[in-house]
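Below is one structure; the comments refer to it alone.
Where a number appears in this text, it was derived from the coordinates with a stated rule and is not lab data. Being a predicted model, the structure only gives us computed values, none of them experimental. All Cβ positions, even for glycine, are placed from backbone atoms using ideal geometry, and neighbour counts span all protein chains on display.
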Amino acid sequence: MSTATNEGRGGLLGGTAAGGAHDGGATPEGALLPSAEPVQLVDPDGRHSTDERYLLPDGEVLLEAYGRLVAGRRINDQANALVRQGRMAVYPSSHGQEACQVAAAAVLDAQDWLFPTYRDTVAVITRGVDPLQVLTLLRGDWHSGYDPHEHRVATQATPLATQLLHAVGVAHAAKLRGEDTVVLAMCGDGATSEGDFHEALNFAAVFHVPVVFFVQNNEFAISVPLRNQSVAPSLAHKAIGYGMPGERVDGNDLAALLAVLGSAVRRARDGGGPSLVEAHTYRMQAHTNADDATRYRSADDVRRWVPKDPITRMRTYLRSLDLLTDEKEQSFADEADAIAADIRKGLNTEVTVNPAELFEYVYTEKTTQLREQAEQLREELARDAAGTPAAETKAGGR
Ligand SMILES: Cc1ncc(C[n+]2csc(CCOP(=O)(O)OP(=O)(O)O)c2C)c(N)n1
Ligand SMILES: [Mg+2]
């Protein structure tokens, strides 16, 4: 069983998170094509499966990343509970997709940028952003609770695929400035049908910018299954049409994700240009709390993915190496509980919001429409405060 240490450039997991690709003798055309099957390094039974091109990350790296998986699951479940208690407006959970979340953050260095979607809360937290600041957005009282520049994490994007273009712009700028910055841009399977996805990939390839597109294929775009979204051999195959390499990876295999994403990031950093990684995973829960998944898929469909869970397989593997001891498990569980307790405390604290701030900080100078809307809101709030019926005020007639 191999636990070879791969070369890496650092990142959240202490410098060796990224697995390495072997130097291959593939032709350029062949090198663009994804593997026939998703890359897997640890199978669902927790056994190491050998891959010709990717080395298994070091055991200590996997152990630390496993701790992040446990914390990620706890954050997902805590956030879901807080939605049910009315403390948060909405939470698109990544329950079952935590390996993708952890790996996306772990393969980046401090000077890199992460562009997440609404579902990538755990990735943002794994990158080092305060969980409470992250969840502020989903409580609905502020546009975004963290400073994107401080953490080099863009705000979580709800409009599908728009963040991919922003990511390419940042990568392009970094290249022009000669900065050592790689950008990792996340999106879902559904987002690959957006025009912005096409524009982002094409621009990135033509301008050869250091960006990794990371598609989490969880087989659904709300109620739309993948088969109604694309008939391409895989989403990773789309990369070749733009002239960049695509790769497929088991999205519930933390080790494979670290190896494949790490290799793509290293390639971008070394001037190799953009690439696309598709992770095959599954959305174990509904799209959000506002969605009833039983209307479009059966419980059996979901049950089939339970044995592939990213946490259980990594746990079994690390246990088999005697790296994950009882004490270590307890300390990971305690850390996860502490994060969840902080989240509960923070989100159970009432905050006073100033609705007028809705119109601030968007533009340096407000547009005419924003000024009008701000004035309308001010009048409505004043009317409410005075208990005056709407018809008696100027704004109320609009
Ligand atoms: C431009 C745009 N069109 C439509 C929507 C509505 N919408 C929100 S989430 C979603 C599904 C996205 O699916 P996918 O990209 O697979 O991401 P997942 O939710 O599965 O993580 C849609 C259509 C949106 N947010 N933005
Ligand atoms: Mg999806």
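Between 0 and 90 degrees, the angle of helix 310-320 with respect to the longest Cα principal axis of the chain falls at about 40 degrees. Mean projection of the Cα convex hull over all viewing directions, computed for segment 197-239: 3.4 nm². Hey, what did the chain get for relative contact order, percent, Cα under 8 Å, at least 6 apart? Relative contact order, the chain: 22 percent.
The protection proxy used here, the mean number of other Cβ atoms lying within 10 Å of each residue, ranks peptides 255-266, 42-53 as follows, highest first: 255-266, 42-53.
When Lys and Arg each count +1 and Asp and Glu each count -1, what net charge do the other residues less than 9 Å away from Pro225, Cβ to Cβ, add up to?
On the way: positive: Arg227, Arg297; negative: Glu219.
Net of charged neighbours comes to +1.
Each peptide in 213-219, 239-245, 378-384 receives the mean, over its residues, of other Cβ atoms within 10 Å, and ordering these scores from highest gives 213-219, 239-245, 378-384. The long axis of helix 195-206 is offset from the longest Cα principal axis of the chain by roughly 50 degrees.
Tell me the net charge near Thr181. Cut-off is 9 Å between Cβ atoms, Thr181 excluded, with +1 for each Lys or Arg and -1 for each Asp or Glu.
Summing Lys/Arg as +1 and Asp/Glu as -1 gives 0.
Per the Kirkwood formula applied to alpha carbons, segment 191-308 shows a radius of gyration over Rh ratio, Rg over Rh, of 1.01. For the pair segment 295-359 / segment 224-266, the C-alpha centres are spaced 25 Å from each other.
Please report the net charge: other residues with Cβ closer than 14 Å to the Cβ of Arg297, K and R +1, D and E -1. Once positives and negatives cancel, what remains is 0.
Between Arg87, Arg248, Arg303, which gets the highest mean-square fluctuation from a Gaussian network model of the chain, Cα cutoff 10 Å? Most flexible of the set in this elastic network: Arg303.
What is the ratio of the Cα radius of gyration of the chain to 2.2 N^0.38 Å, where N is its residue count, to two decimals?
Values: Rg = 22.2 Å, N = 398, 2.2 N^0.38 = 21.4 Å.
So the chain has a normalised radius of gyration of 1.04.
Peptide packing: for 119-125, 67-73, the average count of neighbouring Cβ atoms within 10 Å per residue gives the ranking 119-125, 67-73, highest mean first. Helix 254-269 sits at what angle to the longest principal axis of the chain, using alpha carbons and giving 0 to 90 degrees rounded to 10? The angle comes out at about 80 degrees.
Here the spin labels are modelled as points 7 Å beyond Cα on the Cα-Cβ line, and at Asp301 and Arg319 they lie 3.1 nm apart.
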